[in-house]
Amino acid sequence: MLLLLVLACSDDRAVTGRVLDIWNKPVGNATVVIEGVVQRNHSGSDGVFAIEIPGKQVVSRVMAGRDGYIREILPVDPVADDADYSPLTFHLYPEPAQPGFYGVGRDAYVHLSTARVSLVGTELRHYTGIKQVPGEQLPIGSQRFVFSSTLRSSELSRMNLHLSRLDFVDHTLVSGILGRTDATINLFVAAEEIPFDLKSLPSKDDYLLVTREPLKTPGIYAFHAQDVLNEEDPRIILSLPKEMQVVFPFEIL
């Protein structure tokens, strides 16, 4: 009776919620930590967790993570002393297996392969692009990408990273020393710049890239550093390290 009375009079509250991956699948055995509290808790097989805290304990942030996933930290909205905290829902990004670009597909990552850029044209005018359609495909809509790299944010900004929609150029008139001549190009070249936002994920080597508008036009797109697909001077492209003379293409269907 005494124990029941103590429990009934307890002011303890709970921080509750679920740990899911970015495809809304439960992540079991994830570690859940409240900032300022030493005790660690874990989610169940259904991703659900509940952490009891003293009634006067102020909760401002909660972290969830598990091996193989990038941890996430969520802020907690303040509540009155006699109110419960709103349930939290974590969405963890899997940790990429190796450096590179990973598109978020319908139910898994799509690892973007590299394609070496080609230069076609004359001494006065050239086209920079790729020759083949990429095998990687993503659905029409809002696009998210995880970029895994050992670069720091300051170094990443110097990469001058771009995302472009590409058009295929078959034949076209190209200016040369002897005048305009018909040239066979056969390249996918940059046609439109696609704005995106980039932010650091709460890990050492991973960044999230999100297009500002859904990609509604089917076709070929590519990430490229140093804006190589729009560079007008081929000497600049050829002077770049080999690992910079590549793009990361994908197809939107």
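Brief remarks follow.
- Listed residue (89, 104, 134) projecting farthest to the positive dipole end of the chain, Cβ model: 134
- Using a simple spin-label model with pseudo-atoms 7 Å out from Cα toward Cβ, residue 132 and residue 227 lie 3.0 nm apart.
- Relative contact order (percent, whole number), region 38-155, Cα cutoff 8 Å, 6+ residue spacing: 18
- Look at the alpha carbon pairs under 8 Å that are at least 6 residues apart: their mean separation over the length of the chain gives a relative contact order of 17 percent.
- FRET E, pair residue 243, residue 46, Förster distance 35 Å, beta-carbon r, rounded to 0.05: 0.20
- Compactness of region 2-94, taken as the C-alpha radius of gyration over 2.2 N^0.38 Å, stands at 1.14.
- Each principal axis of the Cα cloud of the chain was evaluated for its coordinate range; sorted largest first, these ranges are 101, 33, 30 Å.
- The ranking of 42, 111 by Cβ neighbour count inside 10 Å, starting from the fewest, reads 42, 111.
- Two-site FRET efficiency, residue 29 against residue 205, from Cβ-Cβ distance with R₀ of 35 Å, rounded to 0.05: 0.90
- Neighbour cut-off at most 14 other Cβ (10 Å), DSSP loop, GluC sites (Glu not before Pro), region 129-238: 232
- Under 13 Å of direct C-alpha separation, and excluding same-chain neighbours fewer than eight residues apart, residue 131 reaches these aspartates and glutamates: 167, 170.
- Taking amide H as placed 1.01 Å from N in the peptide plane, residue 69 has its amide H under 5 Å from the amide H of 95, each at least 5 places away in sequence or on another chain.
- Computed label-point distance, nm, for sites residue 157 and residue 212 using a 7 Å Cα→Cβ extension: 1.8
- When you filter the trypsin sites (Lys or Arg not before Pro) in region 41-119 for DSSP loop state and at most 14 other Cβ atoms inside 10 Å of their Cβ, you are left with 56, 106.
- Positive-end ranking of 62, 33, 23 along the dipole of region 2-94, with charges on Cβ about the Cα centre, is headed by 23.
- Selection of trypsin sites (Lys or Arg not before Pro), region 184-226, meeting DSSP coil and at most 15 other Cβ within 10 Å: 204, 212, 216
- Neighbourhood charge, 12 Å Cβ-Cβ cut-off, centred on residue 37 and excluding it, Lys, Arg +1 and Asp, Glu -1: 0
All of the numbers you see were taken from the coordinates with simple rules; none came from a lab. These numbers were taken from a predicted model, which means no experiment stands behind them. Don't worry about glycine lacking a Cβ; one is built from the backbone with ideal geometry, like all the others, and counts go over all protein chains shown.
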